[in-house]
Amino acid sequence: MMSRFRHLISIEDLSKDDIVYILEKAEEFEPVARGEKKSRILEGKLLANLFFEPSTRTRMSFEAAMKRLGGDVINMTAQEASSIVKGETLADTIRVVSKYADAIVLRHPLEGAARFAAENSEVPLINAGDGAGQHPTQTLLDLYTIKKESRLDGLKIALVGDLKYSRTVHSLIKALTLFNAKIYLVSPESLQLPEEFLEELNGDISIASLDEVIEEVDVLYVTRIQKERFPDEEEYRKVAGSYNITAKMLEKAKDDLIIMHPLPRVDEIHVSVDSTKHAKYFQQAFYGVPVRMAILSEVIL
Amino acid sequence: MNEHLTISKIKEGTVIDHINSGKALLVLRILGIGPQSRETVTMAMNVPSKKMGKKDIVKVEGKFISAEELNRIALIAPKATINLIKDYEIRRKFKVNLPDVVEGILLCPNRNCITNSKEPITPRFKVSLEKDIVVAKCFYCGKKITEVDKYII
């Protein structure tokens, strides 16, 4: 069968049908991701991780997914990348590495880098984050977590924290509108969702405070206030820590509310939340593995 | 008519009429016509027009510019009309059509966009009309431009 897509650059390149398909496929891989079942479907295949920005979690998750399926991985770390950056263009790096491997996972600080890299790659390329741009595998694992731990149909979700700079949130909102979710935006004023982004969307989206919606929502999706996205330190300090979820705040919440976070967290979610039944962020991190298995097998095989 | 008093007729070449007033120089820039070009170019700015109030006109002598090139003009002058002239007569007359994609004409204003790096890359934009305004969206980073004339290379 032909792959549904050759490269995975942006969640916007996928139809709702494609997304549903990937999530179903991920479910089949879950026992393999847990180590309960063996699979060798990617035996003899080699994945190249090219990380021009540090991201241990995403890189290890791809590595785990590839190896659990019998494949192997070669890595270029951010440190090695910095020496490349001085001399070689991304275009050349991609041309060379696509001669070594069967697929490439790329993280790069510049927006649009993944689409450009795909144009220069002989093998499938998966975007693992390009600056403030896209991070589609995160979105797919978020959707998978919602599907498994809550519901995708008739969902009510509150997105909390940095809605301005968080690429995770932008991609997730786009995908959630495909599933007709009711979306509440909860953020400090300086970190609100950009107006031009909101204009593009057709969905049930409204700005709210956490207090107003905590009793109603199925999912609380909390994001980190990312220091590196701020123009200056003062601006960062003003808003950092302004959204801190504690176990006490959840007393009014629905019984089956789940809390998600792309991790790493700083202090957006107090450790007191970890032991509640609502905390799903570590489970969410695990789901990255079967979802990336589904993507890898789709583009490589 | 007034405009014929302003610029003389040309024997052969391309006349671009109904350019939004003040945009004639940008039109020439989009077409890559400048001091290095061999063609004789005449230009009129702020010509009174019944349809547009004021308009600019550009005449390029001895050159038939291709429709594909001319359509790029629609980015800044969506109402422009083209007359191809031979022996002082209009041989063909048409309106510019907004292209779906433009390459190498607009610069992305997003300084973190890959098109503004040292990579061997030509900026590419998807172009569309939204409520009569030309909107260009960067093919790579997704940045939207609504004032396209500010970002012409």
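The values are calculated or read from the model by the stated rules, or taken from the named source; none is laboratory data. On a predicted model such as this, the values are computed, not experimentally measured, just so you know. Cβ sites come from the backbone with ideal geometry, for glycine too, and all protein chains shown count toward neighbours.
Structural remarks
- For segment A:264-275, the criterion of being among the charged types (D, E, K, R) and at pLDDT 95 or above is satisfied by at least one residue.
- Residue within segment A:227-241 that is hydroxyl-bearing (Ser, Thr, Tyr) and assigned to a loop (DSSP other than H, G, I, E, B) present: no
- Failed criterion for A:Ser61 (all others in (1) within 14 Å of another protein chain (Cβ to nearest Cβ); (2) among the polar types (S, T, N, Q); (3) over 28 Å from A:Leu191 (Cα atoms) hold): (1)
- Residue check: A:Gln79 meets all listed conditions (1) over 17 Å from the mean Cα position of the chain (by Cα); (2) surrounded by 14 or more Cβ atoms within 10 Å (Cβ to Cβ) but one, namely (2).
- The lone criterion from (1) within 14 Å of another protein chain (Cβ to nearest Cβ); (2) farther than 18 Å from B:Gly142 by Cα; (3) touching a Leu at 6+ places or on another chain (Cβ under 9 Å) left unmet by A:Ala101 is number (1).
- Within segment B:88-103, the residues that satisfy the criterion of being surrounded by fewer than 21 Cβ atoms within 10 Å (Cβ to Cβ) and either modelled with pLDDT of 95 or more or within 30 Å of B:Lys131 (Cβ to Cβ) (or both) are B:Lys93, B:Phe94, B:Lys95, B:Asn97, B:Leu98, B:Pro99, B:Asp100, B:Val101, B:Glu103.
- Residues satisfying the stated conditions in segment A:194-207, i.e. farther than 21 Å from A:Leu140 by Cβ and of a type outside the set (S, T, N, Q): A:Pro194, A:Glu195, A:Glu196, A:Leu198, A:Glu199, A:Asp204, A:Ile207
- Counting only helices (runs of 4 or more DSSP H) wholly contained in segment A:122-202, the ones carrying 1 or more residues that are touching a residue at least 40 places away in the same chain (Cβ under 8 Å) and either of a type in the set (Ser, Thr, Tyr) or within 14 Å of chain B (Cβ to nearest Cβ) (or both) occupy A:136-149, A:167-178.
- Just so you know, in segment A:104-121 the residues that are over 16 Å from the mean Cα position of the chain (by Cα) and more than 14 Å from B:Tyr140 (Cβ to Cβ) include one that is farthest from the other protein chains (Cβ to nearest Cβ), and it is A:Ile104.
- Residue check, B:Val135 within 14 Å of chain A (Cβ to nearest Cβ) and β-branched (Val, Ile, Thr): yes
- Flag for B:Lys126 being modelled with pLDDT of 95 or more and either outside any loop (DSSP other than H, G, I, E, B) or not assigned by TED's automatic domain parsing to the domain that holds B:Ile16 (or both): yes
- Any hit, segment A:81-88, residues being among the polar types (S, T, N, Q) and over 20 Å from A:Gly112 (Cα atoms): yes
- Across segment B:38-64, the number of residues qualifying as surrounded by fewer than 19 Cβ atoms within 10 Å (Cβ to Cβ) and under 14 Å from the mean Cα position of the chain (by Cα) comes to 1.
- Within segment A:194-215, not a single residue is polar (S, T, N, Q) and either touching an Asp or Glu at 6+ places or on another chain (Cβ under 6 Å) or surrounded by 16 or more Cβ atoms within 10 Å (Cβ to Cβ) (or both).
- Hits in segment B:104-113 (condition: farther than 16 Å from B:Ser128 by Cβ and either crowded, with 17+ Cβ neighbours inside 10 Å or within 14 Å of chain A (Cβ to nearest Cβ) (or both)): B:Leu107, B:Cys108, B:Pro109, B:Asn110, B:Arg111, B:Asn112, B:Cys113
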